[in-house]
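One structure, pasted below without further comment.
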Amino acid sequence: MTDRLRAVSLFALVALLILGTGVLQSWNSALLILNMGLVSALMALGVNLQWGFAGLFNVGVMGFVALGGLAVVLTSMPPVGAAWQAGGLRILAGLALGAASVVAAVLAWRRTSGKMRGWIVAAILLVGFFLYRAVFDAGVEAVEAVDAATSGYLGGLGLPVLLAWPVGGLLAAGAAWIIGKTALGLRSDYLAIATLGIAEIVIAILKNEDWMARGVKNVNGLPRPVPYEIDLQADPAFVERAAGFGLDPTTASTLWVKAGYALLFTVVLVIVLILAQLALKSPWGRMMRAIRDNETAARAMGKNVTGRHLQVFILGSAICGIAGAMMTTLDGQLTPTSYQPLRYTFLIWVMVIVGGSGNNLGAVLGGFFIWFAWVQVEPLGQAIMGLVTSGMAEGELKRHLLDSVQHMRLLTMGVILLLVLRFSPRGLLPER
Amino acid sequence: MDLLNAFVALSNFVLIPAIAYGSQLAIGALGVTMVYGILRFSNFAHGDTMAFGTMATIIATWGLQSMGVSLGPLPTALLAIPVGIAACAALVLATDRVVFRFYRAQKVVPVILVIVSIGVMFIYNGITRIILGPDDQRFADGERFIISARDFKEMTGLEEGLAIRTTQGITLVTAVIVVALLFWFLNRTRTGKSMRAYSDNEDLALLSGIDPERVVRVTWLIVAALATIAGVLYGLDKSYKPFTYFQLLLPIFAAAIVGGLGSPLGAIAGGFVIAFSEVAITYAWKKVLEYSLPESLAPEGLVQLLSTDYKFAVSFVILVIVLLFRPTGLFRGKAV
């Protein structure tokens, strides 16, 4: 079977699975799987850029996805005027002070030398920290006191929500630059631990800095790029058209909204996929793979390995940030507690490995396929477990077995990953 | 100024919790560092191995409790630990046989083994949640305190109380015993010596007739024991929740790396460095400072450097500083 035929038939299979969901379960769940599949495919593309192209082991995907989510709040929510007046500038001044002291410390480290260097840097950082806290804390208190039940944060810029997607990419890219500057060049598993830590810190910041995005109180009602269902149902022209298809207005409106998202997401995915393919086939892509396969040789050829690693790390993280912004837009709310590393970091890794690392189409395929499995394992497991326990007497054990089905998906993902690694280590669509 | 009260407050809120937490991290980090030293990869499934061993211990504890067995003032879980270790050892040995051995034979690059361990992590995670569920479980019984704050105040007449929980005492005693046994084993026994030889130089060890598969098996046994003990101690001291154990991966790895991956002594030092910095930086120093400074200098705020939710940030920053300035860790670990 040629590569092309294999790719086409596997994508056809995934399409069939999603269509099957539409026919057997409901078109709403099929579209939901499709939408999240598109987002997952985009995240997988980002990780594939880092791992497949360059061999960078980034297990902080969750952090970049969450930063994308934050971007949606910061860009699209209307600003809270009272909060800005209460302490907005003070917070900004505090942050600026903090950043300035870090920059000063780095400069001091570079410019000075000798025994006193460590003490000078430590003193600058210490003084900077207390200055920052002194200015920053009061501002935070003032902002969070403003109408705490409904806002208590600075709000966003009130810009169109679609603009949040590139902003999410930029935010993630900025974070990736800072991380890359410090952690790249370390050994692969050190980089892994470092990125794992960064992701946890990003989530901790999202949960605790209430002035920024309300922390665990969540930001609800994010603006949408597509019409609201209620408005559609109230629109006589829409209801009439829906009736033409034999659909009731409620179902038709939910389908229409989801289809709108699917269209937007597809556009983004296709653009990124084309760019990634062009990058892979370009001299830049060949250089990346040369660095991945033999760093020493590439360095001997005069390639700037650290620089290229930084570049690809930022690009991949930016893609994850864009995907994160899209996902938060789809959800319509930012809930920091929902970010779990198994779901947002390691599941994406399963997608890339199963799809085929180093192959962009493989990453996209893995994104769709694994997302489909992740969603459908639960009802499938429920059905099987229902069958197994049907003969059992009612009781503690039966209840426990039925309850445990919801954790089956973790087990299944582990088994899929291990099976692929063992029997088809290059994935469903191997790198050419 | 009242330095005595300051010291009591300091011990109560910083020293004792940090020593207990540090011992738990140290035993966890020993497991990570053993896998790294012998099998040469970072085992991402270690947190979930701890969760599994603890789960087996909890179930055995419940079994003992329902039979009416108890240890009096000590928690029943101590009796159940061997069962937990046995279950955990069976699991990791089976995993090694089915999963890791294949890749070892192929001599794959370490990062592939790390990805494989992510798959194993998913599976352990699923197993633990299917058997016991994802919720909090408390399984500590027996006396809660060795000295409670009130008794201490009555005994000494000081203003500040000093409470030592039973679990904290047990943690420290167990940690000392475990570490002593481990070092005796590694330095004095034939198997332990062959393990160190294998870790130092694989080819030389093979030439001198050391059976690699045996070394690996013994390593997994020790790792299972360390993981279960660390998990049970942490669970007794705080509470058991699978997700918390997964999150412990970060401070444990930080401890192992700060100490120097592959160095057992380093893992212990790293565990205490991480624990003390986490507790000290997230503790509100107001009380201690009020006692130790003259009244005119007493602080107004809480003097808390970071809120407790940022404790991960502390392990992380220490990790990055050590990696930047001393990449092989404090105790010169190995670099594969």
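The values are calculated or read from the model by the stated rules, or taken from the named source; none is laboratory data. Just so we're clear, the structure is a prediction, and the values are computed from it rather than from any experiment. With ideal geometry, Cβ positions are generated from the backbone for all residues, glycine too; neighbour counts draw on all protein chains shown.
Could you list, in sequence order, all residues of the stretch A:417-429 that are more than 10 Å from chain B (Cβ to nearest Cβ) and crowded, with 16+ Cβ neighbours inside 10 Å?
A:427, A:428, A:429
Is it true that residue B:222 is crowded, with 17+ Cβ neighbours inside 10 Å, away from chain A (no Cβ under 14 Å), of a type outside the set (Phe, Trp, Tyr) and not in a helix (DSSP H, G or I)?
no
While we're here: Quick check: is even one residue across the stretch A:393-416 closer than 22 Å to residue A:6 by Cα, within 14 Å of chain B (Cβ to nearest Cβ) and either in a helix (DSSP H, G or I) or in contact (Cβ under 8 Å) with a residue 12 or more places away in the chain (or both)?
Yes: the stretch A:393-416 contains one or more residues that are closer than 22 Å to residue A:6 by Cα, within 14 Å of chain B (Cβ to nearest Cβ) and either in a helix (DSSP H, G or I) or in contact (Cβ under 8 Å) with a residue 12 or more places away in the chain (or both).
Being crowded, with 17+ Cβ neighbours inside 10 Å, over 20 Å from the mean Cα position of the chain (by Cα) and aromatic (Phe, Trp, Tyr) is the filter here; which residues of the stretch B:280-336 pass it?
Scanning the stretch B:280-336 gives B:283, B:285, B:291.
Across the stretch B:80-103, what is the number of residues that are in contact with a helix residue (DSSP H, G or I) (Cβ under 6 Å, 6 or more places away or on another chain) and away from chain A (no Cβ under 14 Å)?
Matching residues across the stretch B:80-103 total 10.
While we're looking at this one, here's another question. For the stretch B:295-311, which positions are more than 14 Å from chain A (Cβ to nearest Cβ), out of contact with any Asp or Glu (no Cβ under 9 Å at 6 or more places or on another chain) and closer than 20 Å to residue A:130 by Cβ?
B:296, B:297 - these are the residues of the stretch B:295-311 that are more than 14 Å from chain A (Cβ to nearest Cβ), out of contact with any Asp or Glu (no Cβ under 9 Å at 6 or more places or on another chain) and closer than 20 Å to residue A:130 by Cβ.
A further question on this structure: Determine whether residue B:254 is buried (at least 24 other Cβ atoms within 10 Å of the Cβ), within 12 Å of the chain's Cα centre (by Cα) and in a helix (DSSP H, G or I).
So residue B:254 fits the description; yes.
Looking at B:80, B:87, B:26, B:94, can you tell me which residue is within 29 Å of residue B:269 (Cβ to Cβ), out of contact with any His (no Cβ under 7 Å at 6 or more places or on another chain) and not charged (D, E, K, R)?
B:26
Moving on. With (1) surrounded by 15 or more Cβ atoms within 10 Å (Cβ to Cβ); (2) of a type in the set (D, E, K, R); (3) in a helix (DSSP H, G or I) as the list, and residue A:303 as the residue in question, which single condition is left unmet?
(3)
Turning to a different aspect of this structure: Got at least one residue in the stretch A:165-184 being at pLDDT below 90, within 14 Å of chain B (Cβ to nearest Cβ), outside any helix (DSSP H, G or I) and surrounded by 18 or more Cβ atoms within 10 Å (Cβ to Cβ)?
Within the stretch A:165-184, one or more residues are at pLDDT below 90, within 14 Å of chain B (Cβ to nearest Cβ), outside any helix (DSSP H, G or I) and surrounded by 18 or more Cβ atoms within 10 Å (Cβ to Cβ).
Enumerate the pairs (first residue in the stretch B:312-323 and facing chain A (nearest Cβ under 7 Å) and in a helix (DSSP H, G or I); second residue anywhere and polar (S, T, N, Q) and surrounded by fewer than 20 Cβ atoms within 10 Å (Cβ to Cβ)) with beta-carbon separation below 7 Å, excluding pairs fewer than 6 apart on the same chain, so at least 6 apart or on different chains.
From residues that are facing chain A (nearest Cβ under 7 Å) and in a helix (DSSP H, G or I), the pairs are B:320/A:182.
Right, something else. From the list B:132, B:186, B:172, B:204, which residue is hydrophobic (A, V, I, L, M, F, W, C) and modelled with pLDDT under 90?
B:132
Hey, among B:262, B:301, B:271, which residue is of a type in the set (Gly, Ala, Ser) and assigned to a helix (DSSP H, G or I)?
The unique qualifying residue is B:271.
Would you confirm whether any residue within the stretch B:162-172 is polar (S, T, N, Q), farther than 30 Å from residue B:216 by Cα and outside any helix (DSSP H, G or I)?
Scanning the stretch B:162-172 turns up no residue that is polar (S, T, N, Q), farther than 30 Å from residue B:216 by Cα and outside any helix (DSSP H, G or I).
Conditions (1) touching a Gly at 6+ places or on another chain (Cβ under 9 Å); (2) closer than 29 Å to residue B:147 by Cβ, marked per residue:
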position: B:39; (1), (2): no, no
position: B:42; (1), (2): no, no
position: B:58; (1), (2): yes, yes
position: B:91; (1), (2): yes, no
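Something else now. Every residue in the stretch B:124-145 that is without any contact (Cβ under 8 Å) to a residue 40 or more places away in the chain and out of contact with any strand residue (DSSP E or B) (no Cβ under 8 Å at 6 or more places or on another chain), please.
Result: B:126, B:130, B:133.
I would also like to ask the following. For the list (1) surrounded by 16 or more Cβ atoms within 10 Å (Cβ to Cβ); (2) in a loop (DSSP other than H, G, I, E, B); (3) free of Cβ contacts under 8 Å to residues at least 40 places away in the same chain, I need the number of the one condition that residue A:124 fails.
The number of the failed condition is (2).
Still on this structure, please answer the following. Please work out which residue is nearest to the other protein chains (Cβ to nearest Cβ), limiting yourself to the stretch A:127-153 and to residues that are in contact with a Ser or Thr (Cβ under 8 Å, 6 or more places away or on another chain) and surrounded by 16 or more Cβ atoms within 10 Å (Cβ to Cβ).
A:129
I'd like to know if the stretch A:216-234 contains one or more residues that are within 14 Å of another protein chain (Cβ to nearest Cβ) and either over 30 Å from residue A:143 (Cα atoms) or not hydroxyl-bearing (Ser, Thr, Tyr) (or both).
Yes, the conditions are met somewhere in the stretch A:216-234.
Out of all the residues in the stretch B:62-76, is one or more assigned to a helix (DSSP H, G or I) and of a type in the set (Ser, Thr, Tyr)?
Yes.
Quick check on my filter: what residues within the stretch B:120-161 are assigned to a loop (DSSP other than H, G, I, E, B) and within 14 Å of chain A (Cβ to nearest Cβ)?
Answer for the stretch B:120-161, where residues must be assigned to a loop (DSSP other than H, G, I, E, B) and within 14 Å of chain A (Cβ to nearest Cβ): B:133, B:134, B:135.
Something else now. Could you tell me which numbered condition residue A:151 fails, if it satisfies all but one of (1) in a helix (DSSP H, G or I); (2) touching a helix residue (DSSP H, G or I) at 6+ places or on another chain (Cβ under 8 Å)?
(1)
Among the residues that make up the stretch B:13-22, is at least one of them small (Gly, Ala, Ser) and buried (at least 24 other Cβ atoms within 10 Å of the Cβ)?
Yes, the conditions are met somewhere in the stretch B:13-22.
Still on this model: From B:116, B:108, which residue is outside any helix (DSSP H, G or I) and closer than 30 Å to residue A:427 by Cβ?
Among B:116, B:108, only B:108 is outside any helix (DSSP H, G or I) and closer than 30 Å to residue A:427 by Cβ.
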